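The values are calculated or read from the model by the stated rules, or taken from the named source; none is laboratory data. Values in this document were obtained by computation on a predicted structure and should not be read as measured data. In this analysis, Cβ positions are derived from the backbone assuming ideal geometry, glycine residues included, and neighbour counts consider all displayed protein chains.
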Amino acid sequence: MLAEALGAEVAWRPSKATPKALRPFDYVAHTRNDLKLIRSRRPSFVVAQAQPHLSALAPYLGRVPYIVDAHNGQFQSWWRRVPSTASILRGAQLVLTHTAEADAIARAEFPGLRTLVVHDPLREIPPAPPRGWVFVVATVAPDEPMDVLIDAIEAMPDVPFATTAPLHRLPSPLRERAERLPNLTTLGFLDLPDYEAAVAAARAVVVLTDRDATQPSGACEALSAGRPLVLSRTQTTEALFGSFATLVANQSDALIEGVRQAIAEDPAAAGRVAAAREAWMRRTEAELATLRSHVPARATA
């Protein structure tokens, strides 16, 4: 979405090393390939998504102006302590953060850092034929309380759920429980049109996180699709999504109650979601206009 908003080309660098201990070799290969791309394409600007900040190593070494699109893990995990972090972040023309809280963390960690808050741009997801399920947006990341989710799904056998989450990454006991749930459909990896259709077809969307200062992308996808949202309550999610979402504590009983509330008939719900989406898009367009003023006409993301 950011590349689309900037009119930029995307160069995707998937990690090939499955054991994390071998991941540094991926970063070396990515940097080498990116340097080749930069030298052949000669972009006037590069946008590098982090973490890790090492995605910006190629433009840093190649002396090409760059922006770092910094996600929460860059400032709220051990990545902020890696010796090269400060020099690469400070070498950027601008560091994008995605919430006011994350921006404050970035500035505290790296005083004087040039930052700009840009919330996730929305792309309106068209309606899809209803599937009757509650769609769970999850990646089995460390900040997602998957045990709470599995407990809640298990306690609601009358409510069908679906997810693209890679359940094979769960610890064995939790994975086995999830695989036995008759009301949980695992969809596997979906291409973007199919994924967006799965979200748009949902009775409600569930997104959980226990990390502060996080703007969950899944919540933005629910807003893009105009679907009721059940979301973990944090200071950040309350400020960003509290006008329309059902906010819950990361406890199974609270999640059960939240899901049942979200799927209940509420004639006013669609209007609240539409108003929230319009306000979000107005704000992000202003933020993107500021960002564009820092980016030359030709850029590569």
Among Arg277, Arg272, the single one that is of a type in the set (D, E, K, R) and either crowded, with 19+ Cβ neighbours inside 10 Å or in contact with a helix residue (DSSP H, G or I) (Cβ under 8 Å, 6 or more places away or on another chain) (or both) is Arg277
Expected output for segment 264-293 (first residue in contact (Cβ under 8 Å) with a residue 24 or more places away in the chain, partner among the charged types (D, E, K, R), Cβ below 8 Å, 6+ apart or cross-chain) is Val273/Arg227; Arg277/Glu124; Thr284/Asp120
Pairs with Cβ under 9 Å, 6+ apart, first in segment 184-200 and in the same structural domain as Phe161 (by TED's automatic domain parsing), second buried (at least 18 other Cβ atoms within 10 Å of the Cβ) and among the basic types (Lys, Arg): Val199/Arg227; Ala200/Arg227
Within segment 9-23, how many residues turn out to be out of contact with any helix residue (DSSP H, G or I) (no Cβ under 8 Å at 6 or more places or on another chain) and surrounded by 12 or more Cβ atoms within 10 Å (Cβ to Cβ)? 1
Filter the helices (runs of 4 or more DSSP H) completely within segment 34-99 down to those with at least 2 residues that are over 17 Å from Val118 (Cα atoms). 57-62, 85-91
Which residue, of Ala100, Ala108, is more than 20 Å from the chain's Cα centre (by Cα), assigned by TED's automatic domain parsing to the domain that holds Pro59 and either modelled with pLDDT under 95 or crowded, with 17+ Cβ neighbours inside 10 Å (or both)? Ala108
Give the residues of segment 9-27 that are among the hydrophobic types (A, V, I, L, M, F, W, C) and either closer than 23 Å to Ser44 by Cα or under 23 Å from the mean Cα position of the chain (by Cα) (or both), sorted by residue number. Val10, Ala11, Trp12, Ala17
Any chance you could count how many residues in segment 197-219 are assigned to a helix (DSSP H, G or I), surrounded by 22 or more Cβ atoms within 10 Å (Cβ to Cβ) and under 14 Å from the mean Cα position of the chain (by Cα)? 1
Cross-chain or 6+ apart pairs with Cβ under 6 Å, segment 108-123 first and assigned to a strand (DSSP E or B), then buried (at least 17 other Cβ atoms within 10 Å of the Cβ): Thr115/Val95; Thr115/Thr97; Thr115/Asp103; Thr115/Ala106; Leu116/Leu94; Leu116/Leu96; Val117/Thr97; Val117/Asp103
I'd like the residue in segment 246-266 that is under 20 Å from Arg277 (Cβ atoms) and touching a helix residue (DSSP H, G or I) at 6+ places or on another chain (Cβ under 7 Å) and, out of all such residues, is surrounded by the fewest Cβ atoms within 10 Å (Cβ to Cβ). Leu247
Restricting to segment 138-157, name every residue that is in a helix (DSSP H, G or I), of a type outside the set (A, V, I, L, M, F, W, C) and touching a residue at least 40 places away in the same chain (Cβ under 8 Å). Asp151
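Taking Pro83 as the residue in question, decide whether it is without any contact (Cβ under 8 Å) to a residue 60 or more places away in the chain and either polar (S, T, N, Q) or closer than 30 Å to Thr237 by Cα (or both).
It is false that Pro83 is without any contact (Cβ under 8 Å) to a residue 60 or more places away in the chain and either polar (S, T, N, Q) or closer than 30 Å to Thr237 by Cα (or both).
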Does Val259 meet the test of being closer than 28 Å to Phe75 by Cα and at pLDDT 95 or above? no
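Using the structure shown, decide if His168 is in contact (Cβ under 8 Å) with a residue 12 or more places away in the chain and either surrounded by 15 or more Cβ atoms within 10 Å (Cβ to Cβ) or farther than 26 Å from Thr234 by Cβ (or both). Outline the logic, then answer.
Values: in contact (Cβ under 8 Å) with a residue 12 or more places away in the chain: no; either surrounded by 15 or more Cβ atoms within 10 Å (Cβ to Cβ) or farther than 26 Å from Thr234 by Cβ (or both): yes.
So His168 does not fit the description; no.
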Would you confirm whether or not segment 97-118 contains a residue that is among the acidic types (Asp, Glu) and out of contact with any strand residue (DSSP E or B) (no Cβ under 7 Å at 6 or more places or on another chain)? yes
Selection from segment 176-196 of residues assigned to a helix (DSSP H, G or I) and either within 22 Å of Leu231 (Cα to Cα) or under 23 Å from the mean Cα position of the chain (by Cα) (or both) yields Ala178, Leu192, Pro193, Asp194, Tyr195, Glu196
Note down all Cβ pairs under 8 Å where the first residue falls in segment 1-27 and is within 16 Å of Leu57 (Cα to Cα), the second is of a type in the set (A, V, I, L, M, F, W, C) and not in a helix (DSSP H, G or I), and they're at least six residues apart or on different chains. Ala11/Ala301; Arg23/Ala17; Phe25/Ala17; Asp26/Ala17
